[in-house]
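What follows is a short report on a single structure.
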Amino acid sequence: MRKTIIAGNWKMNKTATETRDTLKELKELVDGVKDVEVVIGAPFTSLETAVKTVEGSIIKIAAQNIYPKESGAYTGEISPVMLKSIGVEYVILGHSERREYFKETDEFINEKVKSALKNGLRPILCIGESLEERETNKTDEVNSRQLEKGLAGITPEEAKNIVIAYEPIWAIGTGKTATPEMAESTHKEIRKVLAKLFGESVANEMTVQYGGSMNAKNAKELLEMDNIDGGLVGGASLEASTFIEVIKAGVKR
Ligand code: PGA
């Protein structure tokens, strides 16, 4: 059985105080919740507060980026070692916003994936096609390329620690979600690529999340699909009272 992981991606939102308030509320709400892993991707300045606030609960904390070196002359950057040392467990990598606004390439993302794994952080590797690519039937080709390049040089054993987040770019922050059937068929193709890279049994163990306007209303039908093993949730993760509904939809999978 694959582990269901519901992760919130807070992006550039919430001060440390706001982080503490939201996570205190969420911690109470997830009390007693089982069979699902809950992750919150907080901004760098909130991470230490986040780790402390969720202590003793099922919530784990993710960073939203790293620089792929352990230390050195990289002004303004944050290393996986620094994050691990304060109790961060996951890192979101290759998000389409970083690919687009910060010109991150598959090769650079691959360096980050390797560096995260080497330093004990679990990568959540984001992939997904643009609207134009979807409309010209390039979805599977784009996802395969992002997986093959982003995961180059990763062993099957290492792959077990990686989470894939399929996020069609046209669905992010737009309120347009892929239909469950559309997402499921893309997830199946993604798992085929993972099987090619790491073998069928590892591919069957890997959590593949859906992301892109997932919310309390549509989470259940998406998460009911066989190959959708969780969600990466932006807007709907910012309020604890909304996010808990997405988490509960994951429990019932
Ligand atoms: P959204 O963002 O849920 O607000 O669409 C998802 C993401 O970008 O990870």
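The values are calculated or read from the model by the stated rules, or taken from the named source; none is laboratory data. Remember, it's a predicted structure, so these values are computed and weren't measured experimentally. Every residue, glycine as well, gets a Cβ built from its backbone with ideal geometry; the counts of neighbours run over all protein chains shown. Just the protein is used for accessible areas: all its heavy atoms, side chains included, with ligands, DNA and RNA removed. Shrake-Rupley method; radii C 1.70, N 1.55, O 1.52, S 1.80 Å.
Selection within the range 1-46: residues that are closer than 22 Å to Ser213 by Cα, at pLDDT 95 or above and of a type in the set (Lys, Arg). The member of this set that is nearest to the ligand (Cβ to nearest atom) is Lys11.
Look at Glu104 and say whether it is among the acidic types (Asp, Glu), more than 14 Å from the ligand (Cβ to nearest atom), over 16 Å from Pro43 (Cβ atoms) and open to solvent by less than 40 Å² (accessible area, probe 1.4 Å). It would help to see each step written out before you state the result.
On the way: among the acidic types (Asp, Glu): yes; more than 14 Å from the ligand (Cβ to nearest atom): yes; over 16 Å from Pro43 (Cβ atoms): yes; open to solvent by less than 40 Å² (accessible area, probe 1.4 Å): yes.
Yes: the conditions hold for Glu104.
Within the range 62-81, does at least one residue satisfy the condition of being of a type in the set (S, T, N, Q), loosely packed, with under 15 Cβ neighbours inside 10 Å and closer than 19 Å to Asn9 by Cβ? Full working, then the answer.
Residues of the range 62-81 of a type in the set (S, T, N, Q): 64-65, 71, 75, 79.
Within this subset, residues satisfying the condition of being loosely packed, with under 15 Cβ neighbours inside 10 Å are 71, 75.
If we keep only those that are closer than 19 Å to Asn9 by Cβ as well, we get none.
No, because not a single residue in the range 62-81 is of a type in the set (S, T, N, Q), loosely packed, with under 15 Cβ neighbours inside 10 Å and closer than 19 Å to Asn9 by Cβ.
Within the range 197-218, restricting attention to residues that are farther than 21 Å from Glu28 by Cα and within 12 Å of the ligand (Cβ to nearest atom), which residue is farthest from the chain's Cα centre (by Cα)?
Here the answer is Asn218.
Scanning the range 97-124 for residues that are closer than 19 Å to Trp10 by Cα and touching a Gly at 6+ places or on another chain (Cβ under 6 Å) returns no hits. Annotation: of all residues in the range 125-141 being more than 18 Å from the chain's Cα centre (by Cα) and β-branched (Val, Ile, Thr), the one that is nearest to the ligand (Cβ to nearest atom) is Thr139.
Would you say Lys176 is within 16 Å of the ligand (Cβ to nearest atom), open to solvent by 30 Å² or more (accessible area, probe 1.4 Å), assigned to a loop (DSSP other than H, G, I, E, B) and farther than 30 Å from Arg20 by Cα?
yes
Remark: pairs (first residue in the range 10-28, within 16 Å of Lys60 (Cα to Cα); second residue within 16 Å of the ligand (Cβ to nearest atom); Cβ separation under 6 Å; 6+ apart in sequence or on different chains) = Trp10/Gly41; Trp10/Ala42; Thr19/Ala42; Thr22/Ala240; Glu25/Ala240; Leu26/Ala240. All conditions but one from (1) open to solvent by less than 20 Å² (accessible area, probe 1.4 Å); (2) in contact with a Gly (Cβ under 8 Å, 6 or more places away or on another chain) apply to Asp229; the one that does not is (2). Of the residues screened, Glu104 is one that is without any contact (Cβ under 8 Å) to a residue 24 or more places away in the chain and either out of contact with any strand residue (DSSP E or B) (no Cβ under 7 Å at 6 or more places or on another chain) or in a loop (DSSP other than H, G, I, E, B) (or both).
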